[in-house]
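Contents: one structure, followed by commentary.
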Amino acid sequence: MEHHAPTHDFLGLTFNLSNVLMITIASAIVFILAVVATRSLAMRPTGLQNFIEWVMDFVKGLIGSTMDWKTGGRFLFLGMTLLMYIFVSNMLGLPFAITIDHELWWKSPTADPTITLTLATMVVVLTHYYGVKMKGPKEYGKGFISPLKFLFPFKLIEEFSNTLTLGLRLYGNIYAGEILLGLLAGLGASGFGGALGAFLPMLAWQGFSIFVGTIQAFIFTMLTMVYMAHKVADDH
Amino acid sequence: MFNSLILGAGFAAGDIIYQLVAFIVLLALLKKFAWGPLMGIMKEREQHIANEIDAAEKNRKEAEAFLNEQRDEMKRVRQEAKAMLENQKQMADQKGQEMIEAARLESERLKEAATAEIKRERESAVASLREQVASLSVMIASKVVEKELDERAQKQLIDEYLDQAGDQK
């Protein structure tokens, strides 16, 4: 059960090679899925086009529930990419984990806090960027001291806590799921009785993990849109 | 395994950069190859549906107008037909009346002619009767006269006839 990350130093930066691998795989799967689904677009949608259009409508609904479509429309592609990327990432760690020489190679990229916090920070930075861009620096700055001036420190803390909770919520859910799956797999591999005892909990936990992974992808995208709306909407 | 739980331990700055770059590249690629075209087709469909609805609405209005037009036309035609029928009936009535009148005149004429004929016939019958009566009375008179003639007179008469016959010879 004891394993570490396969790290490698390159250009003075530390790379976790399993993360690099899994990020690449997740991105490739999302890209291939999206391209295959939109390869033969037709007015009368069939098969995967239906699915991808449903995803688009779903994200449209998310954006529409938090802000005006005129301001929120530009975040549609961001939301769809986030949703699909995080969903695929969450699912990757479910079927198996590959460990070579006590180094964990195959896992969910979102089971690493570095990755989830990177995504969360990116989202929060984007909200600030769009806040300045769409409302102007003055209005943006005013957002920190409204409705009352003394709320400024709290608003500042809120930004950091938002980032942390957004990233760590995703990480915690996925990492916990993978640990339990790993423990159950270890139990199942320990012998015939262990396999017998681990089978049903394994089944249940994998099903639950699919549910959790889907929900977490949804929550991440939803909160992205909420934070975005908080910064770019004229009134809230 | 729990050392990765702590943020400071096993901190991999490279991962951050890699994840950022990967996500931005993925976003850009999907925008170009998937989301863009998908958005396009969905907009196109929206437009198409809106057009279809407009067209259907237009067609419905046209059909309604046509229906009204047809209804008016039908009403007009019906009225025309009714007027025509009435006209015809009136004409027929008139014609019938005329025919009856003509028949009446004809019959009167015939009656008059018949009356005249009867009158003429009667007159001629009366005339012939009168003639017959005259001849009959002459015949009766001659019979009576004949019976009263005696032998002498008869002889004389015969002689007279004979003479006459002889003279005629």
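Shape call for the stretch A:122-202 from the C-alpha gyration tensor, a ≥ b ≥ c root eigenvalues: rounded (a/c under 1.5), prolate (a/b greater than b/c) or oblate? Kindly include the intermediate steps, with their values, before the conclusion.
Numbers: a/c = 7.05, a/b = 3.89, b/c = 1.81.
Cα axes put the stretch A:122-202 in the prolate bin.
Note the angle between two axes, namely the Cα long axis of helix A:192-232 and the longest principal axis of the Cα atoms of chain A, as a number of degrees from 0 to 90, rounded to the nearest 10.
Helix A:192-232 sits roughly 10 degrees off the main axis of chain A.
Over the stretch A:92-236, with a single point scatterer placed on each C-alpha, what log10 of the ratio I(q)/I(0) does the Debye formula yield at q = 0.14, 0.20 1/Å?
So the normalised log intensities work out to -0.74, -1.15.
Which chymotrypsin sites (Phe, Trp or Tyr not before Pro) does the stretch A:28-113 hold that lie in a coil by DSSP with at most 15 other beta carbons within 10 Å? Numbers along the way, then the final one.
Numbers: sites: A:PHE31, A:PHE51, A:TRP54, A:PHE58, A:TRP69, A:PHE75, A:PHE77, A:TYR85, A:PHE87, A:PHE96, A:TRP105, A:TRP106; in loops: A:PHE96.
Loop-located and lightly packed - A:PHE96.
What pairs in A:LYS70/B:LYS58; A:LYS231/B:LYS32; A:LYS155/A:LYS231 have C-alpha atoms more than 23 Å from each other?
On the way: A:LYS70/B:LYS58 30 Å; A:LYS231/B:LYS32 27 Å; A:LYS155/A:LYS231 12 Å.
Listed pairs above 23 Å: A:LYS70/B:LYS58; A:LYS231/B:LYS32.
Viscosity 1.567 mPa s, temperature 4 °C: Stokes-Einstein D of the stretch B:52-95 from its Kirkwood Cα radius, in µm² per second?
Working: Rh = 12.9 Å.
D, rounded to a whole number, is 100 µm²/s.
Report, to the nearest 10°, how far helix B:13-30 tilts away from the longest principal axis of the Cα atoms in chain B, using its own Cα long axis and a range of 0 to 90°.
20 degrees
Suppose every Lys and Arg Cβ carries +1 and every Asp and Glu Cβ carries -1, with no other charges. What dipole size does chain A come out with about its Cα centre, to the nearest 20 debye?
Details: 14 positive and 14 negative charges, 181 e Å.
Once rounded to the nearest 20, the dipole reads 860 debye.
Can you list the chymotrypsin sites (Phe, Trp or Tyr not before Pro) in the stretch B:21-103 that are in a DSSP coil and have 13 or fewer other beta carbons within 10 angstrom?
Numbers: sites: B:PHE23, B:PHE33, B:TRP35, B:PHE66; in loops: none.
Taking the stretch B:21-103 and a limit of 13 other Cβ atoms within 10 Å, no loop chymotrypsin sites (Phe, Trp or Tyr not before Pro) are found.
What's the average, rounded to a whole number, of partner chain beta-carbon atoms within 10 Å of each residue's beta-carbon in B:35-46?
Values: counts 11, 2, 4, 12, 6, 2, 7, 9, 0, 2, 6, 0.
So the per-residue partner count for this stretch is 5.
Arrange the following residues from fewest to most other Cβ atoms within 10 Å of their Cβ: B:LYS143, A:LYS60.
B:LYS143, A:LYS60
Write down the Å³ per residue value for the convex hull defined by the alpha carbon atoms of chain B. Walk me through the numbers on the way to the answer.
Details: hull volume 73.9 nm³, N = 169.
It comes to 437 Å³ per residue, whole-number rounded.
Percent antiparallel among DSSP beta bridges with both residues in the protein assembly as shown, to the nearest 5?
Values: 7 of 8 bridges.
Close to 90 percent.
Using only the alpha-carbon atoms, how far is helix B:36-148 inclined from the longest principal axis of chain B? Give it as 0 to 90 degrees, nearest 10.
0 degrees
Would you grab the residues whose amide H sits under 5 Å from the one on A:THR14? Only those 5+ places off in sequence or on another chain, please, with H modelled 1.01 Å from N.
Amide H neighbours of A:THR14, under 5 Å, 5+ apart: B:ALA13, B:GLY14.
In the stretch B:65-114, which trypsin sites (Lys or Arg not before Pro) are in a loop and have at most 12 other Cβ atoms within 10 Å, using DSSP for the loop call?
Numbers: sites: B:ARG71, B:LYS75, B:ARG76, B:ARG78, B:LYS82, B:LYS89, B:LYS95, B:ARG104, B:ARG109, B:LYS111; in loops: none.
Counting only loop positions with at most 12 other Cβ atoms within 10 Å, none of the trypsin sites (Lys or Arg not before Pro) in the stretch B:65-114 qualifies.
Each label point is 7 Å from the Cα along the Cα-to-Cβ direction; what then is the distance between the points at B:LYS61 and B:LYS31, in nm?
So the two model labels end up 4.2 nm from each other.
Whole-Hz Karplus ³J(HN,Hα) for the stretch A:24-34, in order, using 6.51 cos²θ - 1.76 cosθ + 1.60 and θ = phi - 60°, x for Gly and Pro?
Once θ is set to phi - 60°, the couplings for the stretch A:24-34 become 4, 5, 4, 4, 4, 4, 4, 4, 4, 4, 5 Hz.
Excluding A:VAL124 itself, calculate the net charge of residues whose Cβ lies under 14 Å from the Cβ of A:VAL124, where each Lys or Arg counts +1 and each Asp or Glu counts -1. Don't skip to the end; give the middle numbers.
Numbers: positive: A:LYS155, A:ARG169, A:LYS231; negative: A:GLU158, A:GLU159.
In short, +1.
Computed on alpha carbon atoms, what radius of gyration and Dmax characterise the protein assembly as shown, expressed in Å?
Taking only Cα atoms of the protein assembly as shown, I get Rg and Dmax of 62.5, 208 Å.
Taking only the alpha-carbon positions of the stretch A:1-151 and ignoring solvent, what does the Debye formula give for the base-10 log of I(q)/I(0) at q = 0.11, 0.13 Å⁻¹?
-0.64, -0.82
We did not get these values from a lab; they are worked out from the coordinates using the rules stated. Source: prediction; values computed, not measured. Note that we place each Cβ from the backbone using ideal geometry, even for glycine, and neighbour counts take in every protein chain shown.
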